Structure formats: structure tokens, C-alpha cells
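The block underneath contains the structure these notes are about, expressed in C-alpha cells.
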Amino acid sequence: MPLALGLVAFLANIQASKKHHDHKLYSQKLTEEGRRLESVIRNALADGHHDKIAKIVHQLCHDYAYAVHQPHARNGGLIGLAAAAIALGAEVARYLKEIVPPVLACFSDQDARVRYYACESMYNIAKVAKGEILLYFNDVFDALCKLAADTELSVKNGAELLDRLVKDIVSESAATYASILSPEGGTTGSEENSPEQSGEISTAFSLPRFIPLLQERIHVLNPFTRTFLVSWITLLDSIPDLELVAYLPSFLGGLLKFLSDPNQDVHTTTKVALDRFLAEIKKIAAVKKGLAESRRSKEGRDRQASGSTDPVAVDSPERDQAENTPAEPDAEPIDAQQDPQTPQNGHVDSPTADGESTLTVSDDAGKPDDSFEDEWIPGQDVQIDYQRILDILVTFLAESSEEEVQMTALKWIEVFLDICPEDILLFTPRLLAQLLPALSHDVDHVKQAANRVNQALMAYIMSLPEDLARPQMSAEQAQIATQVPSIQQPAPGSTPVLPTIRSLAMSNGDVRRDSAPMVKPLRKPTSPEPIDTVPRTAQVQTPEPPSESSEVDSKAHTDLDYEAAVNALTLQFLHEHEATRVAALAWLIMLHRKSPRKILAIQDATFPALLKTLSDPAEAVVTRDLLLLSQISRSSDDSYFTSFMVNLLKLFTTDRRLLESRGNLIIRQLCLSLSPEKIYRTMADCLERDSDDDVEFASIMVQNLNNNLITAPELQDLRKRLRNLDSRDGQTFFTVLFKAWCVNAVATFSLCLLAQAYEQAYNLLQIFAELEMTVNMLIQIDKLVQLLESPVFTYLRMQLLEPERFPHLYKCLYGLLMLLPQSSAFAALKNRLNSVSAIGYLHIAPRIAPATPSSVSTFERQNRLRSKEGAGEASIKWTELLDKFRNTQERVRRSQQRQLTGQHDGLDDRSETPELQRKLHIPSTAAERGAVGNARPGSAQSVGRPPPQPILTGSHARGKSSLGRLGGVAGGFGARKVGKK
């Protein structure tokens, strides 16, 4: 080959003397030699010497283009290959398999000039080969992807020129061009399982072959390469027949990463590309929705037309079979698959009784729809994998902290909620774990986007059918779903036994019930096996009504994973922002209203978290938490309610600060949502049983309950019921409260005033005289006097005008006056009594009075119910209640002595020994207590000065130390009042 040898000799001379030659002269010489080679090959082609051409191409490739350590030889080989391609023209296709690989190999050469000439050579080859170069698109694309980040400016410029040419070729020929040699390139990708629907023609360009390369390159970090990739993605998406959007899940993650690139060009182009994809998805969804609606309307018209014009067609076996076969939701209508010339009802011109053809109406109605369905609409065949896209979006929402990434993910999810909300159900637990924290985002527009998605998702779940895709619950499962494991239902006819706070605390962590089986998106609903084999005593069952359409619905929809959703929402209770915690509780409230049985099935895991949330510093969180607990209690059996009350008291026991700050709020909110009488009965029973364990807590809790009973507007009906002790229920309720209230003397006295049991209240005052009056008791009496001036006790003040009917009311109020020290409360009560003192003095009942209607005792008036309702029925046993009060106060005194002794000596039980009583001068009887000193310990006379006995000092110190736990009742009021006396 003298021409090739001459070219190599020229290049060798240039290499030896390259320092003395200009680069411009170097390029000119290469061009001239290339033209000489082009002329030789063109002449050979004209003469039909293909063997000669093949030898020239082979020598240029293997002897020169592959000469790794001879850059000038490689340059000559590249120019020669370009010249050969130009000379061959349309015949270059048969030589591309040998020409293209060495040119591609030169793209990675270390010499920048070799890389530049490789770009120039490939540009000339592609310009001649046109569509045939698409067989090597992946290799060319990979080389251009690397050259986009080249440091040499000339190489980058050459690569840009080549990139533009290839883009033009792809735009014109990628969707339709088939190779003139063999379909090898097209058949490789057409057999793969891909979303591409054009498998009939083997095209030179194949998206299924290109997507793996794009997946590999999409994770690059260089901004120039990223810009290059986005430009190609945009180009391929603009070609209608390729439908790149069907492969979007393969590279969507990389595009979302591009949004966090600091380069503004990358960020801008990526955002435009993503917006374009989203608009295309919305358009495809609209097209499919329109086709579905058209198909349904056509089916309706066909059924109506066939039913009104074809009475003979009822006997057709094909029609019977079609009517008895259930149609699939996504199946193509049978009418659309028939020939347009065939009648829709399956008959050909079958005459009716009057001689008219039945073909007329159905054909006329079906022709426009048939022509419409035969017409192809762009996008109707595109299959988009929404679930894979949602998986990527939710993942980036969780892992990326970039504002733009989160905004884009939320924007896409909001659109998908409108397009395919049923697919989002599968990702709802994961989405909630990221969506709710976004509600507290620092950036306002991210917060607003998250709020829109949150509202749309909640609205969609609320719109779902109530029993969507839910298998029927067996009797045992219904029993498990409504059972609290730590509390068993009593046997019929037996007295329910309430658990103590201590026993429930020990059993809460030990006995747990497995959650209910979750409904998976299966084609056939499964019948879950019983989960818990522990024998149950509860007989609460919630049978599921049989539904014939549940199996069909389960095929078309995916049920929400309630357990995973509840777990994700429960974790949000620990979030630092209030808005997120409030939203989590709002979701739980909504889910419980939607499917209470499913929430009850997994409530054991969330119940401790809900109780702990009561200590939340935000009032809005506590209010919604109480609403949720109340909802669960209303839809559960009594055992859950009892467990709730016992656990609430246990929480107050361990968290006294919660009792002080939120005790009144919790009690009032519960009384709004649940039965106040049921709450007070249950708490009273629990406090009575556990008063021996912690007397101080029981006294404070009774004080809080009593203050709410007197002042809370939510308990107005309960107060009215207590004032009427003529009914059996009122008597029983009063007795239950009295026994629990005995631990707090002042609360018991105020309860009797509220119930108008004035004689019982006066008897309590006589027992007060035997008690040790502490500062805490005086503060409570002071508070009670202020409450007597409130509107709650207006009836009591009016009764002062009728001393002949309420003689013991005066004794009660004067008794309080005698107990109080000289203080503002003393003056207020004294002024009130002085205003009616004349009436009182005239009508004070004597000690022994005749049994007249005006002087009937309170005991007799309140016990008349016994004769009315039967002699065998029990009424209020006032004497037993007084004994209960006396014994309880004695236990309180002993408990205070044990605590005081433990503080001084580290002992618990020595305070009751005679030796220790003599050592500490503790009076053990009422006579001894009255004989000590000049005044009764703790009385109004001795409050102002230090008593001589050590026990009195300890008693006052104990009273002051417990002022902070009065739950907002004592406040700073008591200390101020005692200090002023």
C-alpha cells in the first residue's frame, strides 16, 4: 500500500521535527493525505474492488489506529478511516463493524490530539452512515459521556459537535430506522421483557439496550457529565414513539440527586426535565381515564339498547353466558373486540315480531364508539410503573434533606394521589413517617406542600369503603380484637373485680396480645388462623356482615397496612415539633373512626405510648390524645375502660408534675368524651382499694376530683344528680364517692354539702375536732369557703333562709367558722352568716324536737326511699359511712406518723410503739391530744406560733411540703392566707 506507507512516512517526519512546524500546517498535511486516500477508495469502489478496500481499511485499523504508543500514527489512521467512510458513502454500512471499534478506542487515548481526531473521525463516519451508526449508539454514547468531562477544551468542542450530530440522527431515525444489513441489533432488545410495545420491527436503536447504560452513568458527579445526561434524557423523551417515560423508574433516582447539584445549570435543566416527565404522566393518565369512561358509557348504552330492542335475544346461549360471567375490572369489553359489522347483541338481522330488524338501533349507537376506539391516541398503550416511582419518591423524601428534592418528591406524590391513589396505600406507613415531620419544616413552601399531601392522603383514606378488602372476622378473632389481656370480664351474675394499680402495673409488661393478621394484597382473601391460644373469658363479639363483593374489591384495591401505619404514627410522638405530634394523633383518630376494630386489634402496643403522651408539654397534643383514648374506650368493652382509668391513676402516681399541671385538663376532657359518672365511679373504686398503698397520692387525687366535681362546667349534670339522693342510683353513687373521699376530710365534707346531706356533714365536723388540723387542711377549708361564695353553691346560700328545713346547715357553716383561723376566709364566712343570723337564731332546731314535718331530720328524709321501694332494698347507711370515715382518717394519721418517723430515724414501723410515742411526745388518744399545751395541736389558735412538740413541727412541715402537689387547688393561696392571719 504505497499511499498508506507514504502517509506514515509523512507522519514520522512530522513527529521528528514537530517543534519546527506549525500545528496549522500539520492539520493541512493530514487533510491533504486524507483526500488522496479518499480518491483511491472511491476509484476502487467504482471498479468494484471490494477486496482492495477491505485490505486498506484493515491496514488503517490494525497497523495505525491501534498503534497505542504512536500518537501520530493513530492520528493518521483516524483521518484515513474518516476518508474511507466518506469515500464509501452508502456502502460504509458493511465496513462499520471494522471501522467503528478502533475509532472508539482512540477516545480514551492519553494524547488530547488523538482524542480530538477521534471525535473528528467519528463525526465524518456518523455523517455518512446516518441511521446505521445507531447500531453502535451505546458505545458512542459512553464515549461522549466520558469526553463531556474532558479537561482539554478542543476535545470538549469536538465532542460537542459529534454530540449534536448524533442527536440529530437519533431524533430522525431512532424510532423507525432498521439496519439494511441484518436485524441483529434490533432483535437483541426486542426479546427482552420491557415496556416498549413496538416489537414488530427490529430497529437499530433499542431503549431496552440503552437503559442499563443510562442507569450506570446516571450516578456520576461531574456537572458537565450530568448536563450531558439530562440533555440526552430530554431528547429521548421528546421522541413520541420511544416512550422513555415507561422506563422512568430506572433513572429517576439519579435525576433527583441532580437537584442537589451546586451547579445552577444542572439544577435548572434537571428541574425542567422532571416537570416534563410529570406533565407527560398526567397526560397519559388523562387519556386512559377518558378511554375508560368512554368504554363504560358505551357498555351502558349497549346494555340499554339491547334490553329495549331485542326481546328475542334473551334466549340466546351466548347472551346467557355473557351475563353469567363476571366481568374483570380492567378487561376489554367484548363488544369492542367484535367486528364492527356484527351486531352488538350477537344476532344478524334477526327480525322481531313486527318484522323490523333488531340491528338498526344497536348498530347506529355503536358505530361512533367503534370508530373512536379504533382510533389510536398517543399514550394509551404506555404502561407506567407507579409503584416503583412512588418507592423512589418516598425513599428520597426520607434520605434527602435538600429542600428542592423534598419539594419535588412532595409535588409528584400530590399528583399521584390524584392519578393513582390506590398505589399509594402500599407506601402509606413509610410516607407518613416522612410526611409528618415535613409538616414542621423550617421552609414555608415545603411545609405547605407537605400539608397539601397530608390532607389529600387523609381525604382519600376516609373516602375508601369501610370494609375494603377485609376478610371476615371469626368469633374468636372478634373476641381477641376487643379484649384487654390484663383484665378479664366477670362471669354473668358476678360482681366485677377491679384490678389495683399495682397489679395492673405488674401485668402490663408481661401479657401482650399478638396483633391482628394484616390483609395483604392477594388475589384471594385468606382465612387467617387464630393467633392467640390463651383462653379468653370475655364474650364480646363483633360479627362481620357477609359481603358478596368483598372478594371483587380485594382484587381491585390494596388494603392499608394498619399495623405498620399505627407504628409509624406512634413513633412521631417523640418528634420535637408540636405540629408533627398533633398530626400523628389526628391520623390515629381518623384511622380509629375509619376501622375501629383494626385499631383495637393493635391497641396494646400503642396504649402505653398514648398514656405517656399525656405528659406532653403542648395542650393541643394532650387534648387529641385524650380524644383518641376516649374513642377507643367507647368502642371497647368495660375492661378496657377500667384498664384505662387504672393506668391513668398509675401515671399520676409516678408523675406528680403531670397531676399538678394537667390533672384538671385531663379529667375535664375525659368527662366531655365519656360518661362522667362512669369515670368517677371507676376512679373512686380504684382509689378506695389502693388508698393504703399511697395515702398522700390518694388524698391529692381525691382533692382534684372533688374540685372538678364542684367547679367544672362539664360536670353540671353530675352535680344535679348528687343533689337528689331520693333515687337508688344517686344513693349508690354518693356512697361510692363517700368511701373513696374519706381519705381527704375536707373533700368528704364538701361532698356532703354538695349532696345536701347537712346532718352527715355536721357529724363529720365533730370528727374533725378530734383530728389534727394541718396547714394543708386549713388551706382546703379556706378554698371551700371561697367556693361557697361561688354560683355553684347558690342553692346552699338560699337554703340559709329556711333554717326550719335545714337546721344542720347552720351548724355546718358555724363549725367551719370555728375551725378557721382569723383570715379573709373567716371574715367572708362570718359576714355571710351575720347577714342571716337573726333568722338562724329564731329557727335553730332544739336538741329534742317533736316529729313534725318541719323538723324531720335529714336521716329520716333521705331514708324514706326504703319504704317506697321495698323493705328489702338497702339505702344509705349513714352510720357505717361515719365509721368508714373515722377508720380511714385513723389510717391516714398512722401513715403520716410512719412517714415522719422514717424521715427522722430511717424507720417505718416504730412510730406506733409506746417507747417512741413517749420519746417524741406523740399523743395517741384524743384526750391526750386535747390536754397537750394550752391549745389543740393544729388549731386556729396554735397555727401562728411554733408548738412545743416536735411532732407538730413535723406535721406543719409535712403540710407545707405537699402544697405543691395540690394540682392547682392550693396554688400559692394557702401560704398567703395563713401568713396573714
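The values are calculated or read from the model by the stated rules, or taken from the named source; none is laboratory data. This is a predicted model, so every value here is computed, not measured. Methodologically, a virtual Cβ is constructed for each residue, glycine included, from the backbone with ideal geometry; neighbour enumeration extends over all protein chains shown. Ligands, DNA and RNA are stripped out before the accessible areas are found, and what is left, the full protein with its side chains, is counted by its heavy atoms. Shrake-Rupley method; radii C 1.70, N 1.55, O 1.52, S 1.80 Å.
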If you average 1/r across every pair of different Cα atoms in the stretch 401-459 and take the reciprocal, what Kirkwood value do you get, in Å? 11.3 Å
Quick note, the stretch 772-815: a/c under 1.5 would make it rounded; otherwise a/b > b/c is prolate and the rest oblate (a ≥ b ≥ c, C-alpha gyration tensor); here it is oblate
Would you please state the base-10 log of I(q)/I(0) at q = 0.12, 0.16 1/Å for the stretch 570-700, with intensities from the Debye formula using one equal scatterer on every alpha carbon? -0.45, -0.80
Gain in span if fully extended, residue 422 to residue 717, counting 0.36 nm per residue against the direct Cα distance: 101.5 nm
If packing is taken as the average number of other Cβ atoms within 10 Å across a peptide's residues, how do 647-656, 778-787 rank, most packed first? 778-787, 647-656
Using Cα pairs under 8 angstrom and six or more residues apart, how large is the relative contact order of the stretch 671-762, in percent? 34 percent
Roughly how much of residue 272 is accessible, in Å² to the nearest 10, using a 1.4 Å probe? 90 Å²
Using the alpha carbon gyration tensor of the stretch 706-773, what are the three equivalent-ellipsoid semi-axes (square root of 5 times each eigenvalue), largest first, in whole Å? 21, 14, 10
Can you give me the solvent accessible area of residue 241 with a 1.4 Å probe, rounded to the nearest 10 Å²? 100 Å²
Report the normalised scattering of the stretch 630-748 as log10 I(q)/I(0) at q = 0.13, 0.17, 0.19 Å⁻¹, calculated by the Debye formula with identical scatterers on the alpha carbons. -0.48, -0.85, -1.08
Computed lengthening from residue 172 to residue 415, 0.36 nm per intervening residue step minus Cα-Cα distance: 84.2 nm
Run the simple label-point estimate for residue 275 and residue 883 please: 7 Å along Cα→C-beta, distance reported in nm. 8.7 nm
Extending each Cα 7 Å along its Cβ direction at residue 805 and residue 612, get the distance between those two points in nm, one decimal. 5.6 nm
What the 10 Å binned alpha carbon P(r) of the stretch 607-652 shows, as percent of pairs per bin from 0, is 28, 58, 14, 0
Between residue 32 and residue 127, Cβ-based FRET efficiency (R0 22 Å, step 0.05) works out to 0.60
Inter-site label distance for residue 104 and residue 619 at 7 Å from Cα along Cβ, in nm: 7.3 nm
Sorted list, accessible surface of protein heavy atoms, 1.4 Å probe, largest first, for 592, 49, 577 is 49, 577, 592
In terms of the Cα gyration tensor, with a ≥ b ≥ c the square roots of its eigenvalues, is the stretch 644-707 rounded because a/c is under 1.5, prolate because a/b exceeds b/c, or oblate? oblate
Take the Cα coordinates of the stretch 226-272, assign each an equal point scatterer, and use the Debye formula without solvent to give log10 I(q)/I(0) at q = 0.21 Å⁻¹. -0.69
Over the stretch 610-705, give the accessible area per residue in Å² for a 1.4 Å probe, as an integer. 32 Å²
Can you give the FRET efficiency to the nearest 0.05 for residue 673 and residue 726, using r as the Cβ-Cβ distance and R₀ = 30 Å? 0.50
The stretch 39-150: C-alpha gyration tensor shape, a/c 1.5 cut-off, then a/b vs b/c: oblate
Sorted on mean Cβ neighbours within 10 Å (highest first), peptides 285-298, 165-178 come out as 165-178, 285-298
Starting from the Cα-Cα distance between residue 385 and residue 402, subtract it from 0.36 nm times their residue separation and give me the gain in nm to one decimal. 3.6 nm
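Ordering 735, 748 by how much accessible area each has at a 1.4 Å probe, largest first, what is the list?
Final ranking, largest accessible area leading: 735, 748.
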With every atom except the alpha carbons ignored, what do you get for Rg and Dmax of the stretch 577-643, in angstroms? 11.5, 35
